[in-house]
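J.: Could you have a look at this structure, given as structure tokens, before my questions?
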Protein chains: 2
Amino acid sequence: MPADPPLDPFAATLGYQLRRLSLLVMADLADGLEPLGLRPADATVLLAIRINPGITQSELGRMLAIKRANMVPLVAGLEARGLVARAAVNGRSQALTLTAAGERLAGEAHAETDANEARCFPGLSAAERRRWAATLHALWSDGGGPG
Amino acid sequence: MPADPPLDPFAATLGYQLRRLSLLVMADLADGLEPLGLRPADATVLLAIRINPGITQSELGRMLAIKRANMVPLVAGLEARGLVARAAVNGRSQALTLTAAGERLAGEAHAETDANEARCFPGLSAAERRRWAATLHALWSDGGGPG
DNA sequence: TATTGTTATACTCTATAACTATA
DNA sequence: TATAGTTATAGAGTATAACAATA
């Protein structure tokens with residue numbers, strides 16, 4: 001008697017499938033970013049600053065759901081590597097921008113996120129991915145979901 | 001000049017949206033399970049044993065992507081609470097089953113996962129959720145995605 | 001009085017390495 | 001020789017509390 005494969009109690013559980021897929025995609029992204037010396041969180045920060053030059057740490061944290069306290073070592077690390085520059089806005093806030101090296105690396109990070117999407121979601125056109133992304137976005141950004 | 005909301009560089013990034021949504025769903029599930037004294041991982045183990053009575057720790061770990069070493073305290077905790085029972089299969093493997101109390105609590109955990117799905121994915125029928133879940137499942141379980 | 005940035009710290013989850021006993 | 005279960009431990013990511021300086 002060949003051992004039956006175990007039954008999957010979560011085959012119809014969207015939340016579980018979402019999590020398993022997300023973990024796989026994140027692991028693939030982490031692998032792809034490693035040669036750039038970036039973790040996923042570093043890359044998201046670089047890309048968010050690139051498209052929002054002058055954004056502050058607090059705004060960045062709210063937008064990316066990273067706590068202020070955890071933004072500190074993250075941004076400090078990028079600044080120490082000469083990728084991000086800070087300019088005082090008003091004595092307590094500091095505007096973040098990318099240095100030339102930061103722009104360059106952000107470009108590479110962006111290319112890697114594209115490659116990650118292509119690897120993880122083969123058979124989906126860019127337009128289809130955009131549509132799916134919008135659907136998922138609505139589920140967490142709206143009041144549609146849980147509180 | 002009202003402060004413009006920051007631009008979202010990940011609006012079209014499926015992997016990022018997947019992650020943000022997954023985190024929200026997991027947090028909601030954790031909240032819902034807390035009154036039962038269960039974490040999400042505990043609940044997945046209970047439900048997997050319930051549908052696969054006699055499954056071993058190793059099989060369980062492979063199925064749920066939990067490392068053997070991390071299964072130990074997890075299952076031990078459930079056993080200590082009288083929810084799970086072990087029966088030697090062959091000197092090195094042990095068949096896991098639910099006790100009566102375990103069955104009862106697994107039932108409540110299952111009800112909570114249903115409630116979690118309903119809260120997080122309102123407007124989706126059970127059939128639609130099943131279809132979506134299958135689509136996501138294929139992306140991580142197949143060789144379709146990254147290696 | 002609320003917010004920014006910061007420090008220090010704790011907690012959870014996950015990963016690795018090594019070991020014993022068994023198949 | 002490979003596998004099951006175990007132990008100990010390390011690491012990442014995230015969370016809380018408190019503080020100083022500023023708005």
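J.: Taking region B:66-84, which residues are more than 8 Å from DNA strand C (Cβ to nearest atom), of a type in the set (A, V, I, L, M) and either in contact (Cβ under 8 Å) with a residue 12 or more places away in the chain or touching a helix residue (DSSP H, G or I) at 6+ places or on another chain (Cβ under 9 Å) (or both)?
T.: The answer is B:71, B:72, B:74, B:75, B:78, B:83, B:84.
J.: Here is a follow-up. Since residue A:99 meets every condition but one in (1) in contact with a strand residue (DSSP E or B) (Cβ under 8 Å, 6 or more places away or on another chain); (2) within 13 Å of DNA strand C (Cβ to nearest atom); (3) free of Cβ contacts under 8 Å to residues at least 24 places away in the same chain, which condition does it not meet?
T.: Result: residue A:99 passes all but (2).
J.: Tell me, which helices (runs of 4 or more DSSP H) lie completely within region A:1-87 with 2 or more residues that are touching a strand residue (DSSP E or B) at 6+ places or on another chain (Cβ under 8 Å)?
T.: A:40-51, A:57-64, A:68-80
J.: A further question follows. Could you figure out which of (1) in a loop (DSSP other than H, G, I, E, B); (2) away from DNA strand C (no atom under 16 Å from the Cβ); (3) farther than 23 Å from residue A:32 by Cβ isn't true of residue A:122?
T.: Tallying (1) in a loop (DSSP other than H, G, I, E, B); (2) away from DNA strand C (no atom under 16 Å from the Cβ); (3) farther than 23 Å from residue A:32 by Cβ, residue A:122 fails exactly one: (3).
J.: Please go through region B:79-123 and pick out each residue that is surrounded by fewer than 15 Cβ atoms within 10 Å (Cβ to Cβ) and of a type in the set (Val, Ile, Thr).
T.: B:89 - this is the single residue of region B:79-123 that is surrounded by fewer than 15 Cβ atoms within 10 Å (Cβ to Cβ) and of a type in the set (Val, Ile, Thr).
J.: Hey, among B:36, B:24, B:47, which residue is at the interface with chain A (Cβ under 7 Å from one of its Cβ atoms), within 15 Å of residue B:111 (Cα to Cα) and touching a residue at least 40 places away in the same chain (Cβ under 8 Å)?
T.: Selected residue: B:47, the only one of B:36, B:24, B:47 that is at the interface with chain A (Cβ under 7 Å from one of its Cβ atoms), within 15 Å of residue B:111 (Cα to Cα) and touching a residue at least 40 places away in the same chain (Cβ under 8 Å).
J.: Within region A:97-109, is there a residue that is within 14 Å of chain B (Cβ to nearest Cβ), part of a helix (DSSP H, G or I) and within 16 Å of DNA strand D (Cβ to nearest atom)?
T.: yes
Bear in mind these aren't lab numbers, they're just calculated from the coordinates by the rules spelled out. Keep in mind that what you see is a predicted model, and the values were worked out from it rather than measured. No Cβ is skipped: glycine too gets one built from the backbone with ideal geometry, and neighbour counts run over all protein chains shown.
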